[in-house]
Each structure stands twice: as structure tokens, then as C-alpha cells.
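All remarks here apply to the structure that follows.
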There are 2 protein chains.
Amino acid sequence: MTTSPDSAVREFIDQNRTAFLDDLAAWLRIPSVSADPGRAGDVRRSAEWLADALRRTGFPVVEVWETPGGGLPAVFAEWPSGEAAAPTVLVYGHHDVQPAAREDGWATDPFEPAVVDGRMFARGAADDKGQVFFHTLGVRAHLAATGRTAPAVNLKLLVEGEEESGSPNFGALIRERTEQLAADVVIISDTGMWAEHTPTVCTGMRGLVDCQIDLYGPAQDIHSGSFGGAVPNPATEAARLVAALHTEDRRVAVPGFYDGVVELTDQERELFAELPFDEQEWLSVAKSGATLGEAGFSTLERVWARPTAEVNGIWGGYTGPGGKTIVPAEAHLKLSFRLVAGQEVEKVRQAVSAWVAEQLPAGIRHEIVLPGATRPCLTPLDHPALQSLVRAMGRAFGQKIRFTREGGSGPAADLQDVLGAPVLFLGISVPSDSWHSVDEKVELDLLDKGVETAAYLWSDLAEHWGPGDR
Amino acid sequence: MTTSPDSAVREFIDQNRTAFLDDLAAWLRIPSVSADPGRAGDVRRSAEWLADALRRTGFPVVEVWETPGGGLPAVFAEWPSGEAAAPTVLVYGHHDVQPAAREDGWATDPFEPAVVDGRMFARGAADDKGQVFFHTLGVRAHLAATGRTAPAVNLKLLVEGEEESGSPNFGALIRERTEQLAADVVIISDTGMWAEHTPTVCTGMRGLVDCQIDLYGPAQDIHSGSFGGAVPNPATEAARLVAALHTEDRRVAVPGFYDGVVELTDQERELFAELPFDEQEWLSVAKSGATLGEAGFSTLERVWARPTAEVNGIWGGYTGPGGKTIVPAEAHLKLSFRLVAGQEVEKVRQAVSAWVAEQLPAGIRHEIVLPGATRPCLTPLDHPALQSLVRAMGRAFGQKIRFTREGGSGPAADLQDVLGAPVLFLGISVPSDSWHSVDEKVELDLLDKGVETAAYLWSDLAEHWGPGDR
């Protein structure tokens, strides 16, 4: 499936690499942490910086969009092909980032990019600023190599500002802007590949439902000698809730949770099994000592194709030095559920809410907040646009491209549903890039491959994907 | 069980009340807050003031003891009976107090005693200076009423200075001074009664084993989309550990935990049930919406006579605003176990440690720290010294004396073990005295009852408790 690389594309990249990396570093310096209300100004600054960069790239239409619901701004850009038959492609990414602080254990300041041994370390380097940014040099390389003045496809770009906060207003945004966003295919650049030497295309993402559960017991912390053992303890009940989330074989125990789940086909299980998976290596990336998950599934199947329930945070009572013999007044949980194709967000939310209410004893009051949710999505292996993407990547990498899925979640499914277009994943990042963790980085040679793939893709799509396929 | 009051004792108290209260007020003005290193000088001044007061009372031996480990000073006093057959009694109390400040919401300065409507308001008025001090007038009333020049028992007094800081050096102190402290019975004056019109004697305290359990999973927080559902999550495992602590009927599920537990007798259960217990009132003091505890036991039985496991604190993962989709690297638990008579601290510690190790899956490393422990203690209802105490209180109150226990834990058990003597609780204080809270006070008429009980007790003990009972 590989074809020969394009020396004109490579030459253009070589000539423009330094300026491109300097530009990316400038963007990474903006701490666009969407989860932190105190950083709202930085998220806006990041959007404006990107809009300016896209204008410099050559996009004739560039707009900073206010997000409905008082959300953080997104950036939209459009570059029409000028050819009537050209397909319309919408590239999706995000410009907000996860929280990060030097004190968390970073070797360098997370918001002062550092290039060391061919890697650029910074929060957002891989997730997702680096991947959004390779499209800017990519489209310029596409034009330079083909001699065109506009891309072979009608190219649109939507870069949101709330992805790391669960894209709470993204659905409303794209519903409000459906006309401008209309596309024949959506390309998501916010995922990763199997490994540096095993390039892959992802065919689906899991969805996400997250929630915070607040449990309240005594009106204040009370003496555990005088009252302990005779009143409900919210920390104990929070723990019992978490324990009840899973059965002994680590299936999610919430009734109705698995309703509608699209089960893996034999072909998919075989393709997954073909990947050079080394469990010890995977564990070393996961920085974990052992695997543990739903009985009857491999590790890859568990993270790619099975729904899960995870505790992201738990707290309650005394957490300082020494002991304090109290029954705490409250306890809190942050839970998230990953969904797979076939599961419906609203049904899962209702199932979780109903289940929580049933678990708690008298004397424990609870509140549950379900702030955001992301739907799962999945593109069939034989889709023609998927074939174009596989060819473009094959040219960039000079290798057979394999298939994966993504365990994480993004707004891909919303785009698929609202725009009525298939979703492809062009994600050039490797597991060691430390998304959401300390020392996030991007491999500079992979950044090149991202630019190159983007440069080949528009020609291939225009050539191979006819209106009849849309 | 009540006998007639002694008019000589009452007369003596009436004649000396004013001077006694002035003296107590002077002591209460010394802010002997042991938890505050800046008050160490005040704690020492409090010890010296008490030593002087005990000399004025007539004790021929009075010593200020330095506490091992650089602890705060205790006061020891001794007044031999002079009769060869007399039993030896050690009275225990403490002269340090909880922190207090007017700004906390006190109606008056906590270290400037104020007498209002028959109550003296001051930090330490009930816990524990008032209760220590009634023994001074008590022994003088005993001498005045009996015409003796020395008490009917060999009377010893040990008043420590670190009780409100958890008595960290008390075990070492009494082991160092075992010979001087040797006694046939220990009387603790540092507890309370059921209510002003329901005088009671406490017959035991629960013990305490506390621990911190640290669970470690991935070497750092990892992305729950990429790895969640396939690696063990320390927050989940901490929660499962807590959930596994109790069975569905809220018994402690740690194997061996109940080994040796002295079960309640039918008589004790009947006596508890006789107390005028109002569950709604108890819940309002507990500030809780409902009761919950070990199946098959009443609320009073649960807090007084049953061992428990309680979560005092739990924390792990992300606890800030919004969500963070991680599998956290670590999670932590602070647990405490209340023990009842028959349980051994070391066996409970071993049972808990072994159980924790068995619960955790591969990939979760754990550490358990068991910093301190307090043993339980219990005096049988038919103990002759307890009968003497009940008779003395009955004479003072002119009422039937009932029985309670104390759900909290204190150094009583250490005294019992080190001195090999039974422990009795002579505590004259009511729940509204606001121990550890704002507007702590002592009811002056209850202070009288304390003096009176102490005055009757030494004669009764000398008369009814022969060497054969020791």
C-alpha cells in the first residue's frame, strides 16, 4: 500500500523546519489550560495566536469563534479549492491543554519548550498543538510540491478550546455552525500511532462520561470514639461505591451499562493480535507493574474496544500528618466512564445516576454532577477515505500502515453525527509522548511525518475519493 | 445502692466552697495548652501551681515530674494512710488543656473564668482541671468528717501534662515510675456521666489502633483513555480495601479481628437499655442523619462495647476543579480501629497488616504505617472497688447510679497494664460541658458532687475492699 515519497515535499519541509519549530514553541508558551478558570485569558490568547498563524499560512478565511454557553474560544479557518468537484475536508484539533506545573515533576518548565535530543518537551507538544500545527506546514508543502495556489480539497480547520475539559459546549458550537463546517469527511488530528516504527491509522475512539459525586454525612467532622461505628461515614460510603463499580471479574457493575455495546468482530480481534504487542513494553510505558482489567479480553481490547469505569480522584477526611480520629463530614469522587460504539451517553448517565442513588445508606446525602460527555465513534475498515489516509501515511513512512483504535475520547463522534460525515484519524504521536502526564513531548522526526502525510493526503483524497463515495 | 449523705462532709464543703472555687479559678487562668509549643512555659507553671495547691491540701509528698522524651511535666503526690492494711489508690487526671481562643466564638475569655448562673466557664473547667481539683477538697472533707489526720487509703495522685496531645510519653513515664505509682486500684477522673440527672459510672474505654496505608500504582499519573481499564488503579484499590473492611452487615471483615472480644453480658445489655436514650437527640449531637453500624447491636452498644474500623481520611488522584482523566499514581488511607476488652493491640495490627497485603492485586505496591496504639480496658460490674465507687456516688447524688462505657480511648489501659491494677472511672461531667469546644464549663453543683463522692470513697474502699479482693 506504500507509494514513493515526494522529494519536493521533503525539500520544502527541510527548508521551513526551523521557522516552523520556532512558531510551534511560541504557541506552546501560552498556558492554555481550559480546566483552570484562571487561565481563560491564556486560552483566548492561544486562539488569537493560532488565528494569526493560520492567516500567515495562507488561509483566506480565519475566524476566532466564541463558543456558546460562555465557553472558551475556538478557531475556524477555510481554504477553498476553487474546483467544483473537490471534496470538502474538515480537520479537527484543539488548542487547549491539560494542567501542568513544574512541581508535578517536570524536568523542565512545561510552558517553556525545551528541545533535547530531537524531542521538544512542553505541555501540548503532542496533545494537541503539535498535531494541529503540522497541518500548517503540510498544506504549504502540498501547494509547493503540486504547484497549486489553493489546496486540492476544500480545506477547513476547526481547533477547539475546551477539549481537555471534556468539550462541554462543542456539540452546541458545531450545531450552531453546521453550515460553515459542512464537510464530506472529517479528519481528527488528536490521536496517536502504535509506535515510531509501526505507523498505524486509528479507526475509532471511545466516548467519555465523567462525573463528580459528593457525599455528605455528619454536619461536621465528628469524634470517631464517640460516634464511630454507629453513624454512616461518607469516606467509607465513597469507597464502597467505588468498590461496587466493578464485579470480581472487573466488568462494570452498573446495571444497563453494557446496553448496545458493539462487540469486536473476529477480523478486528485478529488485526489487533497481529500488532507487535509486547506486554512488558506496554507496561513500561504505562509505568505500571501489572495489567488488570475485564476478564476475557486482551490488554489492547480492554483499552480500545471495551467500556470502562475509572476513579480519577477521591478525597475526604483528614489527610495531614499523623492521625485524627474523626468520622469525616464529607467525601468526594471523580469518576469517568469510557464508552464504545453503540453506547449512548444519556443512557449511561442515567444508569450511573440511578445506580449511585441506590447504593447509599440513609444518613448519606449525595450530589452528582455530570459536567460533560463525549460520544464514541468508529469508521469501518473498508471506507475509501480511510484508504486514502492509509496511502498518504504509507508514502510518508515508507511502511505498511496497520490499524488501531484509540482508548481516549474526543469530540469526533459529535462531528460525525452533526455533519453526517465519516471520521478519520490522522494522529502522529507515540505512547512515550506522555499525554496528560509530566514531560510531555513530541518527536521532531514524527512531526515531519505528520507534515508529510498532510501534504500527500489532499491530493490523494481529491484523486481517489469521488462524489459517488461521499 | 444509695446510702444516707454525710452532713459533716456537706458542712465542710459549704464552709470551704468559696476559697476552693477561687483556687480553681486561679489554676484555670493558666493557659496550659499542651498542643502549642509556645505554651510549654504555661504548662510548667500549671504543674507548679498544682504542686503548691496539693502541698496546701496536706499531701506530704508532692513532686513535679519531668516526662521522658522531653515531654511536658506531670505532678505526682502521695499521702500514706499510716495503716498497714489500707489499700493504695492512684487517682489519674491531667492539667493540660485543649487550645481555646475568644475568637473561636467563646462568650467570655476562655482563660478568665466567669461564673454565670451556677456555672464556671473556662477552658479546662470540666476537662480536666475541675475534676482533678475536686479531689483536693474531697480528701480534706474526708478527713474532717472522719476525724482522721491521714486518708483511710494510701492516696496517690498522678496529673499528666500531655493528655490533650495524645499522651505520647505517658507509657514511658509510668514505666519509669512504676514503683512510686504502685497501687491496688486506679481511679480515672477524666470522663463524664450520662446526664445531670442520670449519674453514671463508666466501666471501660475502647482501645485504638490507627494506621496509614499508602498504595502505589503507575509510577506517575497516566492517561485513563490510553491505559484505564487495563492496569490496576490505586484509588480503586484503596476504595476496594475500605469496602472490604466491612461485611454487608457492617462487621469488620479482617480475619482474626474479633479474636478474644469480651462479649456483652445480658446484664450489661439490660443496664445499657435502661438508660434514657433518645436516638434523635443522640443523632443531633452526632450531627448525623441516621445511624448505621454492626447488625445486632444498639447504638450505645456499637459505640461503647463493639470494636470498629473507621476511615478517618482517604485521598488520591485529581481533586481540583473540573475533571482530569487519569489513572492516579497513588492513593492513601488513614484508618483507625477501636478495640474492646479482650482484643490485643499487636494481634490486631498483625491481622490488619496481613489482610491488607492479601487484598491488593499485582501492580499495586503498598506501605502500612501503624504509629500508635491504645489498649482497651474494662472493669467487671461485680468488682468490689467498683461497688465502693457506686456507693460513694450514690451517697453524693442520692440516686441510683447507672453504668456506661466510653467509646473513646485514653491512657487508662496503660495504667491498668503497667500497674497491674483495675481501673475505675470517677468522672463528674455532663455532655453539655463542651469538652474540646467553645464555652467549656463546669456545673458548680456537680463540682460539689465530685468533692462529696471523693470524700465518701476513701472510707468505703478501706472498709469494703479487703486485701483478699486485690
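Quick notes on this structure:
- Which listed residue is touching a His at 6+ places or on another chain (Cβ under 8 Å), in the same structural domain as B:ALA125 (by TED's automatic domain parsing) and either β-branched (Val, Ile, Thr) or over 22 Å from B:SER189 (Cα atoms) (or both), from B:VAL75, B:VAL97, B:VAL89: B:VAL75
- Region A:44-66, residues that are touching a strand residue (DSSP E or B) at 6+ places or on another chain (Cβ under 7 Å) and of a type in the set (Val, Ile, Thr): A:VAL61, A:VAL62, A:VAL64
- Some residue of region B:336-349 being surrounded by fewer than 20 Cβ atoms within 10 Å (Cβ to Cβ), without any contact (Cβ under 8 Å) to a residue 60 or more places away in the chain and more than 8 Å from chain A (Cβ to nearest Cβ): yes
- Within region A:98-107, the only residue that satisfies the criterion of being surrounded by 15 or more Cβ atoms within 10 Å (Cβ to Cβ) and more than 20 Å from the chain's Cα centre (by Cα) is A:TRP106.
- Among (1) within 15 Å of the chain's Cα centre (by Cα); (2) within 14 Å of chain A (Cβ to nearest Cβ), the one test that B:LEU360 misses: (1)
- Subset of region A:238-293 [of a type in the set (Ser, Thr, Tyr), more than 23 Å from the chain's Cα centre (by Cα) and farther than 21 Å from A:ARG402 by Cβ]: A:THR247
- Tally of residues being at pLDDT 95 or above and surrounded by 19 or more Cβ atoms within 10 Å (Cβ to Cβ) across region A:68-85: 9
- Residue match in region B:23-31 (condition: assigned to a helix (DSSP H, G or I), of a type in the set (Gly, Ala, Ser) and either in the same structural domain as B:LYS129 (by TED's automatic domain parsing) or surrounded by 13 or more Cβ atoms within 10 Å (Cβ to Cβ) (or both)): yes
Each row is one residue, and each column tells you yes or no for (1) at the interface with chain B (Cβ under 7 Å from one of its Cβ atoms); (2) assigned to a loop (DSSP other than H, G, I, E, B); (3) modelled with pLDDT of 95 or more; (4) out of contact with any His (no Cβ under 6 Å at 6 or more places or on another chain).
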| residue | (1), (2), (3), (4) |
| --- | --- |
| A:GLY225 | yes, yes, no, yes |
| A:THR236 | yes, no, yes, yes |
| A:ARG240 | yes, no, yes, yes |
| A:ALA243 | yes, no, yes, yes |
| A:PHE257 | no, yes, yes, yes |
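- Within region A:303-322, if we keep just the residues that are under 30 Å from A:PRO232 (Cα atoms) and assigned to a loop (DSSP other than H, G, I, E, B), the residue that is modelled with the lowest pLDDT turns out to be A:GLY322.
- A:ILE401 being in contact (Cβ under 8 Å) with a residue 24 or more places away in the chain and over 20 Å from A:GLY192 (Cβ atoms): no
- Restricting A:ALA77, A:ALA114 to residues that are small (Gly, Ala, Ser), touching a residue at least 60 places away in the same chain (Cβ under 8 Å) and closer than 30 Å to A:ALA40 by Cβ narrows the list to A:ALA77.
- Flag if A:ARG206 is in contact (Cβ under 8 Å) with a residue 24 or more places away in the chain, over 25 Å from A:GLY342 (Cβ atoms) and among the basic types (Lys, Arg): no
- Residue within region B:35-45 that is acidic (Asp, Glu) and over 21 Å from B:LEU158 (Cα atoms) present: yes
- Any hit, region A:199-218, residues being surrounded by fewer than 19 Cβ atoms within 10 Å (Cβ to Cβ), away from every other protein chain (no Cβ under 12 Å) and among the small types (Gly, Ala, Ser): no
- Within region A:454-469, the set of residues being modelled with pLDDT under 90 and either in contact with a strand residue (DSSP E or B) (Cβ under 8 Å, 6 or more places away or on another chain) or more than 27 Å from A:ARG148 (Cα to Cα) (or both) comprises A:TRP465 only.
- Of the residues screened, A:VAL451 is not one that is more than 14 Å from chain B (Cβ to nearest Cβ), at pLDDT 90 or above, surrounded by 24 or more Cβ atoms within 10 Å (Cβ to Cβ) and in contact with a strand residue (DSSP E or B) (Cβ under 6 Å, 6 or more places away or on another chain).
Listed here are the residues, each with its yes/no results for (1) crowded, with 19+ Cβ neighbours inside 10 Å; (2) outside the structural domain of B:ALA195 (by TED's automatic domain parsing); (3) part of a helix (DSSP H, G or I).
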{"site": "B:GLN267", "(1), (2), (3)": "no, yes, yes"}
{"site": "B:GLU281", "(1), (2), (3)": "no, yes, yes"}
{"site": "B:GLY289", "(1), (2), (3)": "no, yes, no"}
{"site": "B:GLY293", "(1), (2), (3)": "yes, yes, no"}
{"site": "B:GLY296", "(1), (2), (3)": "no, yes, no"}
{"site": "B:GLU301", "(1), (2), (3)": "yes, yes, yes"}
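- Verdict on A:ASP249 being loosely packed, with under 15 Cβ neighbours inside 10 Å, within 13 Å of chain B (Cβ to nearest Cβ) and assigned to a loop (DSSP other than H, G, I, E, B): yes
- Hey, B:ARG269 without any contact (Cβ under 8 Å) to a residue 60 or more places away in the chain and either closer than 30 Å to A:GLY410 by Cβ or within 10 Å of another protein chain (Cβ to nearest Cβ) (or both) or not: no
The values are calculated or read from the model by the stated rules, or taken from the named source; none is laboratory data. What you see is a predicted model; the values in this text were computed from it and never measured. Here the Cβ is made from the backbone with ideal geometry for all residues, glycine too, and neighbour counts use every protein chain on show.
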